[in-house]
Amino acid sequence: MKKVNQNCENCPVHNISNLVKLGVDMVGYNYIVALAGNPNTGKSTIFNNLTGLRQHTGNWPGKTVSRAEGGFEYENNKYKLVDLPGTYSLLSTSTDEEVARNFILFGQPDVTLIVVDATKLERNLNLVLQILEITDRAVLSLNLIDEAERKKITINERELSKQLGIPVVPTSARSKDGMEQLLSYIHQVAVGEYVCKPYKVKGYSKKIKNSIEDLTEKIKLIYPDLPNSKWVAIRLLEGDQEIIDAIKSGEIGNISVTPNDQMKEVI
Amino acid sequence: MITVSPFLSLGIFFLLIVIMLLVFWPNKGLAYYYRKLNQNSKRVLIEDALKHIYDYESHKLNVTLNSIAGNLNISADKASKIVQSLKKLKLVKLNNQLITLTEDGKTYALRVIRVHRLWENYLAEETGLKEIDWHDEAEKVEHLLSQEDADILSAKMGNPKFDPHGDPIPANDGSYFFNKGKLLNNIEIGQVVKILHIEDEPKTIYTQLIDQGFYPGKEIKIVARSDEKITIAADGEEIKLSLLFASKVSVEILLEQEFSNEKIKTLVDLKPGETAKVIKVAPICRGQQRRRLLDFGIVPGASITVHMNNPLKDPIAYLVKDTIVALRKNQAKLVLIKT
Amino acid sequence: MSNAELKIDKINDLINFADKQRWELGDNFHDLIVESIFTDANKIAGKVISSSKDPDQKSWETTLDRIVTSRIFGFPIMFILLAVVFWITIEGANVPSEMLASFFLDKLHPILKNLSASIGIPSFIDGLFIDGAYLAMAWVVSVMLPPMAIFFPLFTLLEDFGYLPRVAFNMDRLFQKAGAHGKQALTMSMGFGCNAAGVIATRVIDSPRERLIAIITNNFSLCNGRWPTQILIASIFIGSLVPSYLAGIVSAGAVVFVALLGIFLSLVSSWTLSKTVLKGEASAFSLELPPYRPPRILRTLYTSLIDRTIFVLWRAIVFAVPAGMVIWLVSNVQIYNLSLAQYFIDFFDPYALFIGLNGIIFLAYVIAIPANEIVIPTILMLTVTTLGISGIGGGAGVMFELDSVKETGDILIAGGWTTLTGINLMLFSLLHNPCSTTIYTIYKETGSIKWTIFSTLLPIIMGLAVCFLVAQFWFIFS
C-alpha cells in the first residue's frame, strides 16, 4: 500500500486538493458515477470519503438499506455519485438486485465504480464480471488491500487490470489510501481518456451457449447499436419482465454505444 | 371493584380460550371449515369442474357427471347443475353422456391452472412452507387471484416456466409446451433417467414419494423390476416402488450419462477441518434459498471447508471462496459434495 | 407494411423465440449462468492472486473464532460481555442522568416558571407549556440520553469488531426452533437498550418473515426505560415480603425473573407467529460471518451517537411534547369540579382493580405513551392529586419523582396499592404496548399499518390476560 502512495505522489495527476466534497449538493453535475459492489466491502466508506457525507457503515453485510446519492467536484467537473445497494449478483429477482441492475443498464452511468474486497477477490469477481457484461465504462477499487496484505494475499493489480480491461486501483477506504488515484481514473474514464475493453464471460456451458448466441443475433438485427446485446439475451432467457417491456417499448434502443453523450448535452 | 368469584371468572376465561382455539385453530378450526364451506361457491365449483374436465381430457379419460361429482365431492344433482351452468356459459359441450371442453372452456381451465402453478412456484421459491402444503394453499388461491395479479406475480418471479413439481406453467394466453417424458413404470432395467415431474395428486402417494427423496431433477437408475415392483438406485440407496407409485413419476431418459451409485455425501457429512468439492446444490432447494447459496459461491466445482461448529452443533460455519458462511443443517444437507 | 409495423413484428418474433428457448432450456438456466461466471472468475483469480500464507499456520482470527464459538467458552463469553455492557450502561448513566435531571428539572424548570410569572403569562399557558410540554421533554432527555449514549456505542463497537455475528451464529439453533433467525438474538439484546433501536436493528435480518417476527417480538425485551420501574416497584413491594437482609437480592431476583419471562415470551410468540399468521410469508436463511476488524472508536462514537442515540431521542421528544401537554390537560381541565383524569380513573378503576391494577395505572400507561420512563412520575403525580395530598410534588399535571424509595412506597400504598398491584405492575410494564417512538418506528420499518397495529395490540392483550390470571389466583389464595 505504501508503495502505491509513493508512486502517486510522484505522479502528476496526484492532487487530492482537486477534490471538492459537495455532500448532498448535486446541482448541474456533468457525470454520473454509480457505486456498486458486494455488501460489506467498504462501499459506504468510499462514498463517504468522496462526498463528505456520513452514511452509516458497519461490519455487517447489507448495512446500506436505501439508495444514497451525493456529489463531488474533481478537476472542474461535477460528479453525481449514486450508491447502489450492495449485492452479490445482478441476476436474481430481489428488489436490491433489480435496483442496481436497472440503474447500471437504463441509468447509463458515465462510470461505474466497482468496489471489491481484496481478501475475497474470487467471490467478488462474480459481480464484477456481471457488471462488465452490462457496461463498458468501469473502474475497479480493490479495497481492503491492507487487510489482504495482513493476510499475506498478494494481488497483481496490473494483471487484473489487463484481464478485466478496466483500471484497477488498490485502496484502503478506511485510511483513505488510494482515493487520489481512484478519482483520477474515474475522471479519465468519464471524459474518455481511458477506453475500457471490458472482459466478457466466455465459459458459458455448451447447453446454453447456442440459445444465447441465437438470441443475441436476433437482438442485433433489431437493435444493431445495442452495446450489451448478449446481456439482454441472457436476461430474456431469465424471463426478466423489465427487459421484455423495454424491448417492446423500444426503450432499449436508447442505450448508446458512445460514452459522454450526456456530457455533450450539458456543455 | 367488580365482585365476581375468581373461580367463576377463571372458568369463563378458560372457556373463552377454548372457544377461540376451536374457532381459529389452523386447518382444523371452525373458521377454517366456515371458509371452506364458503369456498364451495359457484365460481369455485365451476373452476374446479373445468380443471377436472381438462385433467381427464389430457389423460384421454371420459368425463361424466359421476366423475365430476366424485372428484369435486358433491352430489350428482349439484354436479348436473354445474354442468348446466358451464353449458350456458359455452364452456363445455354435451355429447350423449360425454362432457368435453370448448375452446373457451379450455382457455379458462388453463388460466386457473396457471394461477395454481404460479402460486405453488411462489410458495416453493419464496416461503418456508413445506412441499406437502403447496398444493392445498394453491387450491385456495387459484380462485382468488385475478389474471392481472397473476401477470404481476409472474413478472416479479421472472416469468417462471415450470412449477416445483416440474409441470409447465401456461403463459397468460394459455399456451405451453411440455416435454411429457415417459412414466417411470415403463422404463427398462439399466437405464438412467432424470425425473421431470411428480404428480401431486393423490396426496398420499405424493407425500410418500417426497418422503423417499424424489424430486424433479433427480437422476436415478433402474436396477430391477418385476410385475409388481420396480427397484431404482439413487444416491447410494435402493428403493422399491410399486408400479402404481412409479406411474406417478415422469422421467426423461439420459443417453450418455455416467451414473455412479456411490452414496453421495452432503455437507453435513463433512467434519471440522475437512475440505470437499461441491458437485451441485440439490434441485429441491429452490428460489431465494438456492440463489443465496449460489451467491455465496457454492457452485459445482467450488472448494468448501468446514470452518467451525457452534456450541449447539447447528448451524455449521463453512469457508467457501475465502468467506465464512453459516449454513443450517437442513441447508447443508442439500449441498452434494465429493471428497 | 410500414417500417414501424415491421419492427413490431420483429420484436414480437424475438420475444416468442426467447420464450420457446426457455421451454427447451428447462429450469436450470439460471444455475448454468451463475456457474459459468464463477468458472471465469475462478480462472481470473487464479492468474492474479498469490498467497504467501503458510496453510498450516492458523491465523489469530481462526483461533479467536474457535474460542468464541467453543462448547465450553462460547456462551459464558457471550453472557459476560453482554452483562458487562449492561453494567457499564446502568452504572455509567447514573451520574450524567442525575446531573441532567437536576439541571433541567430542579434548576431550569423553576427559573422558567419564575420567568413566565414575572412577565405575566397566564397560568393556563404557563402550565400547558412549561409544566406539560417542557417537563415531559426534559424528563425524556435526562433519563433517555445518558444510557443510550453509553449503550449504543458499546454495542456498535462489538458489532464493528465482528463479534455480534458470532453471537447470532451461536444462538441460531434456539431461534431456528422458534421459527426465527439467529440475528434476532442481537435485535433482542438491542431491545434491552431501546426497543425502537432494536426494531431498526432488525434490518440486518434479510429474510422478510424472520425480520417481521423480530420486529413484532422486540417489545418483549425489557427496555432501558422499564428497568428503573421494575427495580423501584420490586424494592417497594417484593423486597418488603422478606426479611430486610434478603430484600436486595430477592427484589433483584424478581426483576431478573421479569426480564427472563420477557425472553421466554419472545421465543414463544416467535414460534406461534411462525406457525400461524406468518406461516406463508417469504423466508430464507443466510448468515455470513464477516472477518474481525479493529473497531474505529472515534468513528463509532460519532455514528452511533448520530444514527442511533440522537435519532431515537429525537423521535421520543417529538412524541413527548404533545403527550406532556395532554398529561397536564387531563389533570387540569375540569368539568363539574372534577378533572378529566378523575373521570377516566373513576370509570376504569373497577375493571382495573379486577385484574390487580388500578385506574391510575391505566391512565398513566395511556398518557405516558411517549416513553416508559415517565410512567412512574405520571403515576405519582396522579396518585397525589387524586388523594389530595399536599406538600408533595408540584401540583396537578406536574410529574415528579422522589429520591426516597420509602416515601414513594408510602404514596403508592396510600393510593391503595397492594403487593398484587406491585407484581401486576411489573408484569404489565413488561407486557403492554410499545412506546409511541417504537410504534412509529415499527410503522416506518414495516411500512404496514396492519403489522403496526398487530405489534401494538399483541403485548397489551397478553399483558391484560397475564394480569387477570395472576389477580384471580391471588384472590383465590389470599
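The values are calculated or read from the model by the stated rules, or taken from the named source; none is laboratory data. The shown structure was predicted, so the numbers you read here are calculated from the model rather than taken from an experiment. Here Cβ is always computed from backbone atoms with ideal geometry, including for glycine, and neighbour counts include all displayed protein chains. Heavy atoms of the whole protein, side chains included, go into the accessibility calculation; ligands, DNA and RNA do not. Shrake-Rupley method; radii C 1.70, N 1.55, O 1.52, S 1.80 Å.
Below is a table of values for the structure above.
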{"item": "Carbon/sulfur fraction of accessible area - segment B:182-253, other protein chains in place, 1.4 Å, %", "result": "46"}
{"item": "Within-13-Å neighbourhood charge of residue C:389 [Cβ basis; K, R +1; D, E -1]", "result": "-2"}
{"item": "Semi-axis lengths (Å, descending) of the ellipsoid that matches the C-alpha gyration tensor of segment C:63-215", "result": "43, 18, 9"}
{"item": "Sequence-distant residues sharing a close amide H with residue A:177 (under 5 Å, placed H)", "result": "A:172"}
{"item": "Cut-off under 5 Å, modelled amide H: who pairs with residue A:78 long-range", "result": "A:30, A:31"}
{"item": "Rounded to whole Hz, the Karplus (6.51, -1.76, 1.60) HN-Hα couplings of segment A:27-34, x for glycine and proline", "result": "5, x, 6, 9, 9, 10, 10, 8"}
{"item": "Protein accessible surface hidden between C and B, which excludes ligands and nucleic acids, total in Å², probe 1.4 Å", "result": "4900"}
{"item": "Positive-pole candidate from B:32, C:190, C:443, dipole of the protein assembly as shown, charges at beta carbon", "result": "B:32"}
{"item": "Value of D in µm² per second that Stokes-Einstein yields for segment B:267-338, Kirkwood Rh from Cα pairs, at 10 °C (1.306 mPa s)", "result": "134"}
{"item": "Cα→Cβ-extended label distance, 7 Å offset, between residue B:16 and residue C:123, nm", "result": "4.4"}
{"item": "Residue B:277 accessible area, assembled protein chains, probe 1.4 Å, Å²", "result": "100"}
{"item": "Average other protein chain Cβ within 10 Å of Cβ, residues C:167-177", "result": "4"}
{"item": "Amide H partners (placed H, <5 Å) of residue C:282, local residues excluded", "result": "C:209"}
{"item": "Among C:348-354, A:184-190, the order from most to least packed when residues are scored by Cβ within 10 Å on average", "result": "A:184-190, C:348-354"}
{"item": "Most to least packed among B:329-337, B:125-133 [average Cβ atoms within 10 Å]", "result": "B:329-337, B:125-133"}
{"item": "Average accessible area per residue (Å²) across the protein assembly as shown - probe 1.4 Å, nucleic acids and ligands excluded", "result": "44"}
{"item": "Computed accessible area, residue B:34, all protein chains, 1.4 angstrom probe, square angstrom", "result": "140"}
{"item": "Paramagnetic reach from residue B:28 (point 7 Å along Cα→Cβ, amide N under 20 Å) across segment B:204-236", "result": "B:204"}
{"item": "Cα gyration tensor shape for segment B:30-101, rounded if a/c is under 1.5, else prolate or oblate", "result": "prolate"}
{"item": "Alpha-carbon spread of segment A:196-235, three principal axes, descending order, Å", "result": "27, 26, 14"}
{"item": "Whole-Hz ³J(HN,Hα) from phi, Karplus 6.51 cos²θ - 1.76 cosθ + 1.60, for segment C:41-48, glycine and proline x", "result": "4, 4, 5, 4, 4, x, 7, 10"}
{"item": "Rg in Å to one decimal, and Dmax rounded to a whole Å, for chain B via C-alpha atoms", "result": "24.7, 84"}
{"item": "Cα→Cβ-extended label distance, 7 Å offset, between residue C:453 and residue C:337, nm", "result": "4.2"}
{"item": "Heavy atoms of residue C:325: accessible area, 1.4 Å probe, square angstrom to 10", "result": "50"}
{"item": "Convex hull volume per residue for the protein assembly as shown, taking Cα atoms only, in Å³", "result": "240"}
{"item": "Leading residue at positive end of dipole, the protein assembly as shown (Cβ point charges), from C:287, B:242, B:6", "result": "B:242"}
{"item": "Note, ³J(HN,Hα) from phi for segment B:237-242, Karplus 6.51, -1.76, 1.60, rounded to Hz, x at Gly and Pro", "result": "10, 10, 10, 9, 10, 6"}
{"item": "Flagged links, alpha-carbon separation over 29 Å, of B:229/B:277; C:275/C:444; B:140/C:275; A:120/A:220; B:140/B:265", "result": "B:229/B:277; A:120/A:220; B:140/B:265"}
{"item": "FRET efficiency for residue C:244 and residue C:464, using Cβ-Cβ distance with R0 set to 25 Å, rounded to 0.05", "result": "0.15"}
{"item": "Accessible area, probe 1.4 Å, largest first, for residues C:426, C:171", "result": "C:171, C:426"}
{"item": "Binned Cα-Cα distance frequencies in chain C - 20 Å width, integer %", "result": "20, 47, 22, 10, 1, 0"}
{"item": "Sites residue B:61 and residue B:275, calculated FRET efficiency, Cβ-Cβ separation with R0 56 Å, nearest 0.05", "result": "0.55"}
